[in-house]
Each structure stands twice: as C-alpha cells, then as structure tokens.
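**Student:** Quick one: the structure is below, and I'll ask about it shortly.
The values are calculated or read from the model by the stated rules, or taken from the named source; none is laboratory data. What you are looking at is a predicted structure, and each value in this text was computed from that prediction instead of being measured. Here Cβ is always computed from backbone atoms with ideal geometry, including for glycine, and neighbour counts include all displayed protein chains. Ligands, DNA and RNA are stripped out before the accessible areas are found, and what is left, the full protein with its side chains, is counted by its heavy atoms. Shrake-Rupley method; radii C 1.70, N 1.55, O 1.52, S 1.80 Å.
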Amino acid sequence: MKTPTLTLVAAAMLLASVGCAPKPTAPRVYEYRGGRWFNGQTFESRDAYVANGMFVAKPSAPPDSTIELNGKFVVPPFAEGHNHWLEPAAVQTYIQSYLRDGIFYVQDQGNPPAIHARFDSLLNRPTSVDFISANQGWSGPGGHPVQIVRQFVAFGIFPPTWGDAGFDRNVVMVVRDSADIAERWPLFMAGKPAFVKVFLLYSEEYDKRRNDSSYQYHRGMNPALVPEIVRRAHAAGLKVSAHIYTAADFRNAVNGGVDLIAHFPGTGYDEKLGLAAFKITEADAIASAQHHVRVMTTLGWLREDEYAKQRDVLIRDVIRPNLALLRQHGVPILIGSDQFRQTSAPEAQDLVKMGLFTPAEMLVAWAVTTPQSIFPLRHIGELRPGYEASFLALDGDPIADFGNTSRIGLRVKQGVVLRIKEPVPAFPPLGK
Ligand SMILES: [Zn+2]
C-alpha cells in the first residue's frame, strides 16, 4: 500500500492543528580541523566535531562551520583540586586568572556558605569556572583553620563577629564529641555542601595538644570522630576529604574511611617531630588503594623560604618515598595547590621541574584524573564523542616541554570559545 505524500505546508498545518511544536532544527555542528588531540597517552592528528556543547562523531552532512587548529596540541582543561576562593570582591580576578591558565574546574576545600553565596551565580556556566565547595570544615576546639578566619576578619573580608565565637558554625564546625556533630549536622547540610572536609593535624599528639595553648591552631579534631562524620557524609551521598600533615594523620584518615587526602603527607613539616613522623608505610599505601582513597599534592609550600634549608632532604627522604609508595600501589594522585590567590599552574610546573612527575604523568593527573575526581558524574577529561566539548589548544607539545601548558592559543568550554579579558584585573591590596 502506498502512503499518501504530505506536502511540507500540509504537514505544518497538521502539526499546528494538533498543537505540536515544530520539529527543532538540527544543532549546529562545528568542525575543529587539523589539531593533534591527546588520547590519554599521546597526541593523534585528526579532526573533531562539536554539537550542543558535546563532542560528536563525524556527521554525515557537512559541518556548519570550521575552526582551523593548525597542528595545535589539544588537551582537556586543567583542574585545581585544593584552593579557597574567599574574596567575593575579587571573584572576577579569580575567574579570569583560572580561565587564563586553562583551569576550568575548582574544588574549594573549605569556604563559608555565606561567602561563596555572593558569587555562586557567576560560576558553573560555560563561560566561567565550574566550582564545588566543602563549605564549613570540621575541626576541634582551638584548631586549624581558625587563625585564617581571624586573618580574614582583620582584612575586613569576613564580618567581625566571625573572629570571636562566630567562626563556629559560620566558617568551621568546631566539635569535641558526637553530640557536637549531631547538633551541627542539619545546619551544615542546609548549606548544600558538595563534599565534607575534616581537619586532622598532628593527630598522634591529639591528647597532648588538645588543652595546651602553645598548640593553638596546631591541632585539629579528635581523630576518633572521623568515622562518625564519614558515616553521616556517606549516608548523604557526600565524599569526605581530610586535611592531614603527618603519617599518623594520613593513617587516621584512611582508617576512618575518608575518600580523599587533601594534602600530601609531609606538608606541615615540623622538625620537632622529625622526618619519620611524615613518612607513610607500605601498609598505609596498600590501605589507601584498598579503600580507593586519592591523594592530593599541595606541595607549593616547598618553594617557601622557611623550608629552603631542608628542601632537598624533605624531597629526598619524605616526599619522593611517599609518592613512590602511593604510585607503586596504584593510588591516584591529584593536583591541588592550596596557594592563596594562585591557580594550580605553578604547582603543576614545579612538580615537573622537581622531577616528581614526568610531563606525561602531570598532564594525566592535572587534565584527566583531577577533573574526573572533582566531577565524577560528568563526562570530562577526555576528548571523544559523548564527552563535554571542553579543551585547550596549546601552541607546543606539553609532553616535550611542560612549559607549553601555559601557551594556550584557544580555550573552549562546553562548546563555547572563551574570550579572556586580558590583562586579568589585579587583586585589591589586603588589609585595612
Ligand atoms: Zn586548604
């Protein structure tokens, strides 16, 4: 039987008469021609196609427009796994400097909800940075990071009341026992945290330090409380990240069930404790692998003058052996800097210069593993159909010379070609 042929006009009238919307027009297809695309190991010369902000397979019809990449080296965008965006008045500087450095994904490891609420509407969109926050971190009385809260009060950035008792609940959840956790948990959840941050510092000396004012800020929460916070977090579908310094902190965090270690063991080095206190064991590395824990670098402090004398010994006897153990057991290493007013770009460059990462290892950690760890449900960090069309086109091969990661010729985020406002506005002076 022959089906009757409908003219277009008749079809449109029919659609209109039954109240259907007309079929949407096909999406515009963009061709990126002549690039060399990172496949997780090496660069392949090919063309790529983008429609509706996603990579798509080569379409059968000709593309709507073509962008010539002239042999540029295309990589997924970079990530910052550990920073704190605490200055609403400077948020454009943060956004533009991160986009300039090719860093599209930020995991804020502690930020008062009332602070980031002032700029949330500017984030998580194709032309800006994608940002998640742990909100109020969990610490103990007299613990880190209350001294930083007080600095920000002195700068006039945080309200004066947060310098006294107001830091508790607004900035940090200060807990001594499980009753304190239970009492603060509903308020914490009301702020819609993306994950949970707990603070462990020198936790092998928790009992010694807890009531000694000479250790004010050089302590964190009671490590025995970690499992209770992890239980509540996991029940709410949230991962837990732990601030750690010593090997004992690392062990308490892993055994307590956390998902992420937010500092590399050896950070917070204190010569009174000695090098051995900062060296993890093979059993620690095995436990991390078994519990699927990831470990973040935050090693930019090694640049600081106060560590100049011990730097080589620290790298040789603590950082390098810890890194070797974690790698040997397949623990993913993520890139985060925890450097105020900086991006993770200096961190990534320094770790390559120090010989702790090869350029290829750093490229995978910075552009694949870290973004995928921050946003595990998104299709990011790979440059193939079905993934978000977000990428950087570099003017040189970053595996041959990692410095080429700063020679960014084109930035595309979710299909949108970004225009960076250069120069990036300067940070305002700190303090009043
Ligand atoms: Zn931090």
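**Student:** In the stretch 135-190, which residue that is within 16 Å of the ligand (Cβ to nearest atom), in a helix (DSSP H, G or I) and among the polar types (S, T, N, Q) is surrounded by the fewest Cβ atoms within 10 Å (Cβ to Cβ)?
**Tutor:** Gln147
**Student:** Let me ask something else. Examine the stretch 99-109 for a residue that is over 16 Å from the mean Cα position of the chain (by Cα) and either assigned to a loop (DSSP other than H, G, I, E, B) or within 16 Å of the ligand (Cβ to nearest atom) (or both), and state whether such a residue exists. Write out each step before concluding.
**Tutor:** Start the filter on the stretch 99-109 by keeping residues that are over 16 Å from the mean Cα position of the chain (by Cα), which leaves 100.
After this cut, where a residue has to be either assigned to a loop (DSSP other than H, G, I, E, B) or within 16 Å of the ligand (Cβ to nearest atom) (or both) as well, the list is none.
No, because not a single residue in the stretch 99-109 is over 16 Å from the mean Cα position of the chain (by Cα) and either assigned to a loop (DSSP other than H, G, I, E, B) or within 16 Å of the ligand (Cβ to nearest atom) (or both).
**Student:** Hey, another quick one. Under 7 Å between Cβ atoms, at least 6 apart or on separate chains: pull out the pairs that start in the stretch 101-128 with a residue that is free of Cβ contacts under 8 Å to residues at least 24 places away in the same chain and end on any residue that is more than 16 Å from the ligand (Cβ to nearest atom) and of a type outside the set (Lys, Arg).
**Tutor:** Asn124/Asp130
**Student:** From the residues in the stretch 191-206 that are outside any loop (DSSP other than H, G, I, E, B) and under 16 Å from Val254 (Cβ atoms), which one is most open to solvent (accessible area, probe 1.4 Å)? Full working, then the answer.
**Tutor:** First, the residues of the stretch 191-206 that are outside any loop (DSSP other than H, G, I, E, B): 196-199, 203-206.
Those still in the list that are under 16 Å from Val254 (Cβ atoms) too: 196-199, 203-204.
Details: Val196: 0, Lys197: 2, Val198: 1, Phe199: 12, Ser203: 10, Glu204: 85 Å².
Ranking the candidates gives Glu204 first.
**Student:** So, restricting to strands (runs of 3 or more DSSP E) that lie completely within the stretch 54-98, which ones have at least 1 residues that are out of contact with any helix residue (DSSP H, G or I) (no Cβ under 7 Å at 6 or more places or on another chain) and more than 16 Å from the ligand (Cβ to nearest atom)?
**Tutor:** Values: elements: 54-56, 65-68, 73-75, 78-83.
Hits in the stretch 54-98: 54-56, 65-68, 73-75.
**Student:** Under 7 Å by Cβ, and 6 or more places apart or on different chains, what pairs join a residue from the stretch 57-74 that is under 17 Å from Gly396 (Cβ atoms) with one that is in a loop (DSSP other than H, G, I, E, B)?
**Tutor:** Lys72/Asp395; Phe73/Gly396; Phe73/Asp397; Phe73/Pro398; Val74/Leu383
**Student:** Out of all the residues in the stretch 374-396, which are among the aliphatic types (A, V, I, L, M) and surrounded by 15 or more Cβ atoms within 10 Å (Cβ to Cβ)? Walk me through how you get there before you give the answer.
**Tutor:** Just the residues of the stretch 374-396 that are among the aliphatic types (A, V, I, L, M), to begin with: 374, 377, 380, 383, 389, 392-394.
If the condition is that a residue be among the aliphatic types (A, V, I, L, M) and surrounded by 15 or more Cβ atoms within 10 Å (Cβ to Cβ), then Ile374, Ile380, Leu383, Ala389, Leu392, Ala393, Leu394 are the ones that fit.
**Student:** Restricting attention to the stretch 354-379, which residues are free of Cβ contacts under 8 Å to residues at least 24 places away in the same chain and part of a helix (DSSP H, G or I)?
**Tutor:** Glu361, Gln372
**Student:** I've got another one for you. Please enumerate the residues belonging to the stretch 207-233 that are of a type in the set (Lys, Arg), touching a Lys or Arg at 6+ places or on another chain (Cβ under 7 Å) and assigned to a helix (DSSP H, G or I). Please lay out each step first, then the result.
**Tutor:** Filtering the stretch 207-233 down to residues of a type in the set (Lys, Arg) leaves 208-210, 219, 231-232.
If we keep only those that are touching a Lys or Arg at 6+ places or on another chain (Cβ under 7 Å) too, we end up with 209-210, 219.
Hit for the stretch 207-233 is Arg209, nothing else.
**Student:** Against the conditions (1) more than 16 Å from the ligand (Cβ to nearest atom); (2) in a helix (DSSP H, G or I); (3) crowded, with 21+ Cβ neighbours inside 10 Å, where does Gln349 fall short? Just the number, please.
**Tutor:** Status for Gln349: all satisfied but (3).
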